Every structure is written in C-alpha cells, then in structure tokens.
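Here is the structure we will look at, set down as structure tokens.
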Amino acid sequence: MSAAPNHNRRRDLQDLQNLPRLPILSYLQKQAPPQAPRAKVESLAPARYPLLAAFSPKRALKWGWEYLSHRIGPRHPFLTYAKSDADQGIYQLEGGDEIRIALAGDWATGTDEAACVAALIDEFAPHYSIHLGDVYYVGSRHEVEEKFLGIDNPNNGYDPCLWPAGSRGSFALNGNHEMYARGYAYFDRMLPRLGLRTDGKPQGQKASYFCLENDHWRIIALDTGYDSIGWPFIENMFPQFAPCAPSKSSGFGPSCGRATTIGAESFFSRTINTIRGTTTAIRSRPDSFPSFSHAPCSGSGGTSIAW
C-alpha cells in the first residue's frame, strides 16, 4: 500500500512524545512547538523547541489565557437521543457480505504520520470509520478543525488533516483531551460533520455514544471521556470517579452473535498509583439510552476495546 508523502508541512511527532495527563500541563505543552513547520529528521531526536519555550512571556500569557478561558465554566451539556426521535443511536451495519470498519485512536495529532494513517484507511475503503478519541493537545475549536476536519488554522502555518470518511458513515468517540476544552468543539464542531451518510452527505452524529449492529455483531460505543475532568487547578488532586451504570432494559431485539464495546479510555486505568474509574455503560446515565442493555448480547459473549 502507498501512503501519504512526508512533505514536512505538518506537525512534528516529536512534539507529542510523553504528553502529560494533566489538563493544565497539556495547555502548557500546546505552547511549546513553533507556529510554523520545521524540517523533520529521520529518527527521533531532542526537539529544537523544548517545553521551556512555552515560558517565554508571550507564550506564557497565551497559555494562561487559553487555560482559563477554556477550562473555567460548565462543560458542554451531555447530548442524548430524544425519546420522541426516530433516531435512537442504534444503526444497522450495511455493506453486503463483507463490512469493513476502520478504527483509529489518538489519531488527531496533525502530523505526517496521521496523514499516512488516513491515506491507508482511505485505501482500505471502509464502510464505517470510527475515531476512538483524543484531539491533541486540548480539543479546542482550532485543533478540532485543523487536526480532524481538515480546515486551515489561521494561527499557524501547518497543513490540516482530514479524518477519512466511511462510505456508509463515520463516528467519533469522546476522549479526555476533547474534554480539556469542556467538550464544546467536540459536540458543536465535530459531531455535526459525522454520522450516517445519505447521498454522500453526513447526517450528523447526535450523541457521543451509539451502536452499530447486524445479525452477527453488535458494536457498542461508549462515552468514557465526559467525566474525565473536574474543577480547574485542583482536578488532579481529587481523582474523578464515574460509577458504573446498571442495566436499564434489553431493547436490542433478536440476539446477535457477539458484542464488542469500544471507548476512548480503559474502564479502569492506573496513573501514579491512583485508580480512576470511568464508565462501563452509557456515561452513568442509562436513562439517556433506554434501548441499551448493560450486558452483552447472548451467544458467544463479548469483548472490550479501549484506547
């Protein structure tokens, strides 16, 4: 397979090595790279613009302003499927005897490597494509546009990256990095440009969770990112916990062969000796997805995938 050429007009992978998990440090890391592309090297080496660059007076002020303006305030409202709406987030997998699904996580970096992955997904010609979460560094509007929607960022000289669309539909899960900007760019900019496709046009992804199924498989996509942030400055002193949601009802209809659960974050992850719980069901709000059952469909059991 051929891949997108390395034309040195996108972000440098070195600037995304060993990223911190703290929101305030992700905002700091965002200020360190240069505002225009620099020559790439064949092997990873110390970057010419280390994290110290973020403490220059101009960048330090921008770091503080962006952190305060994006982090202070309520999160974007959690979107659900209206009970009166025919669209309940459960979609039939279509594509004939062979259904191709492309999944990629932590893809939205804006690097040449991301562009190569997108080119390979395009060659695969998937019926459905699913981004498993995380737009770097903090999921702000300009980052979502530049690194996921393929829109030029007026604040820098980097070429944008476009998420490859599936012929039948494209979806994106919510990650902790999207929530570092309180989820507004994810819910308001990204989701309306996704969803099932009709006559080649996306119909919009209504919520951050959904289900794709046929007679043999059920793919349950969960929002494990919405509760990943807390109060600014002190959010990492007091770990956030999102309790598991109980079963509400079993409204899937006939049993399928296997169920696979996907999410942006692992259901339980250990970071610096702290257990951080995320949801194992629909963001601890089962009423928002009444047709979902917590248990996998009967048959061969189920699997879980998390990035």
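Could you tell me which of the residues 152, 134, 97, 112 is out of contact with any Ser or Thr (no Cβ under 8 Å at 6 or more places or on another chain), farther than 20 Å from residue 33 by Cβ and not aliphatic (A, V, I, L, M)? Walk me through it before giving the result.
Working: 152 fails: farther than 20 Å from residue 33 by Cβ; 134 fails: farther than 20 Å from residue 33 by Cβ; 112 fails: farther than 20 Å from residue 33 by Cβ.
The match here is 97.
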If you go through segment 172-200 one residue at a time, how many are modelled with pLDDT of 95 or more, out of contact with any helix residue (DSSP H, G or I) (no Cβ under 7 Å at 6 or more places or on another chain) and outside any loop (DSSP other than H, G, I, E, B)?
9
What strands (runs of 3 or more DSSP E), lying completely within segment 29-137, carry at least 1 residues that are at pLDDT 90 or above and over 21 Å from residue 148 (Cβ atoms)?
90-92
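Output the residues belonging to segment 145-162 that are buried (at least 24 other Cβ atoms within 10 Å of the Cβ) and either under 14 Å from the mean Cα position of the chain (by Cα) or part of a helix (DSSP H, G or I) (or both). Please lay out each step first, then the result.
As a first pass, look at segment 145-162 and keep what is buried (at least 24 other Cβ atoms within 10 Å of the Cβ): 146-148, 161.
Once the filter is applied, which keeps residues that are buried (at least 24 other Cβ atoms within 10 Å of the Cβ) and either under 14 Å from the mean Cα position of the chain (by Cα) or part of a helix (DSSP H, G or I) (or both), segment 145-162 yields 146, 147, 148.
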Quick test of your reading of the structure: residue 116 fulfils all but one of (1) within 30 Å of residue 216 (Cβ to Cβ); (2) among the hydrophobic types (A, V, I, L, M, F, W, C); (3) surrounded by fewer than 23 Cβ atoms within 10 Å (Cβ to Cβ). Name the failing condition by number.
(1)
Give the residues of segment 163-186 that are surrounded by fewer than 22 Cβ atoms within 10 Å (Cβ to Cβ) and closer than 27 Å to residue 232 by Cβ, sorted by residue number.
182, 184
Determine whether segment 65-85 contains at least one residue that is hydrophobic (A, V, I, L, M, F, W, C) and touching a Ser or Thr at 6+ places or on another chain (Cβ under 9 Å).
yes
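Hey, any hits in segment 241-261 for a residue that's aliphatic (A, V, I, L, M), buried (at least 19 other Cβ atoms within 10 Å of the Cβ), assigned to a loop (DSSP other than H, G, I, E, B) and modelled with pLDDT under 70? First the steps, then the outcome.
Here is the first cut: in segment 241-261, the residues aliphatic (A, V, I, L, M) are 242, 245, 259.
Filter once more, keeping what is buried (at least 19 other Cβ atoms within 10 Å of the Cβ): 242, 245, 259.
Okay, now just the ones that are also assigned to a loop (DSSP other than H, G, I, E, B), so 242, 245.
Checking which are modelled with pLDDT under 70 leaves us with 242, 245.
Looking through segment 241-261, at least one residue is aliphatic (A, V, I, L, M), buried (at least 19 other Cβ atoms within 10 Å of the Cβ), assigned to a loop (DSSP other than H, G, I, E, B) and modelled with pLDDT under 70.
The values are calculated or read from the model by the stated rules, or taken from the named source; none is laboratory data. Small disclaimer: the values here were computed from a predicted structure and weren't measured. Virtual Cβ from ideal backbone geometry, glycine too; neighbours counted across all protein chains shown.
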